[in-house]
1. Residues in the range 55-71 that are aromatic (Phe, Trp, Tyr) and closer than 20 Å to GLU41 by Cβ: how many?
2. Give the number of residues within the range 19-29 that are in contact with an Asp or Glu (Cβ under 7 Å, 6 or more places away or on another chain) and at pLDDT 95 or above.
3. Which pairs turn up if I take residues in the range 55-66 that are at positive phi and modelled with pLDDT of 95 or more and look for partners that are part of a loop (DSSP other than H, G, I, E, B) and small (Gly, Ala, Ser) with beta carbon separation below 9 Å, at least 6 apart in sequence or on another chain?
4. Contact list please: Cβ distance under 7 Å, first residue in the range 11-37 and over 15 Å from ASP49 (Cβ atoms) and touching a residue at least 60 places away in the same chain (Cβ under 8 Å), second residue of a type in the set (Lys, Arg) and surrounded by fewer than 16 Cβ atoms within 10 Å (Cβ to Cβ), pairs at least six apart or on different chains.
5. State all residues of the range 90-116 that are charged (D, E, K, R), at pLDDT 95 or above and surrounded by fewer than 15 Cβ atoms within 10 Å (Cβ to Cβ); if no residue qualifies, say none.
6. Please verify whether LEU21 is within 12 Å of the chain's Cα centre (by Cα) and of a type in the set (A, V, I, L, M), treating the condition exactly as stated.
Amino acid sequence: AAYFEPTGIIQLLLENPKVDLETKDSYGRTPLSWTAENGHEAVVKLLLDTGEVDINSKDSEYGRTPLLWVTRNGHEVVVKLILGMRKVEVNSTDSKCGRTPLSWAAENGHERLVKLLQEAD
């Protein structure tokens, strides 16, 4: 559900105490990882506001955090939401090629994200 951003469905799921927000798929990715990568601002905010998601959770395939995924794709508002979390690891590296959010943002030409990440460091 998190992949396609059906915000209403996500809200209903969040009201169910049995829903595990850290459930991982076959790639080891969480709902936060998918929604961040795809720039689904409203759902990312809903998930972060629960206080029950691991902002630094790494997937099992590439070892990327939600911040690593979102900086690759350049979703500035979502980057700001994630950077607003106290415990976010701004300089985390992926296990596939040792890249950081800053290096992904720079390589993909996301100049404003580069500045945000430098300021957050």
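1. 1
2. 3
3. Note: pairs meeting the criteria are GLY63/GLY28; GLY63/SER92; GLY63/SER95.
4. Filtered contacts from the range 11-37: no entries.
5. Passing the criteria: GLU107, GLU111, ARG112, LYS115.
6. Numbers: within 12 Å of the chain's Cα centre (by Cα): no; of a type in the set (A, V, I, L, M): yes.
Criteria not met by LEU21.
The values are calculated or read from the model by the stated rules, or taken from the named source; none is laboratory data. Just so it is clear, the model here is predicted, and its values are computed rather than measured. Because the Cβ atoms are built from the backbone with ideal geometry, glycine has one as well, and the counts that use them run over all protein chains shown.
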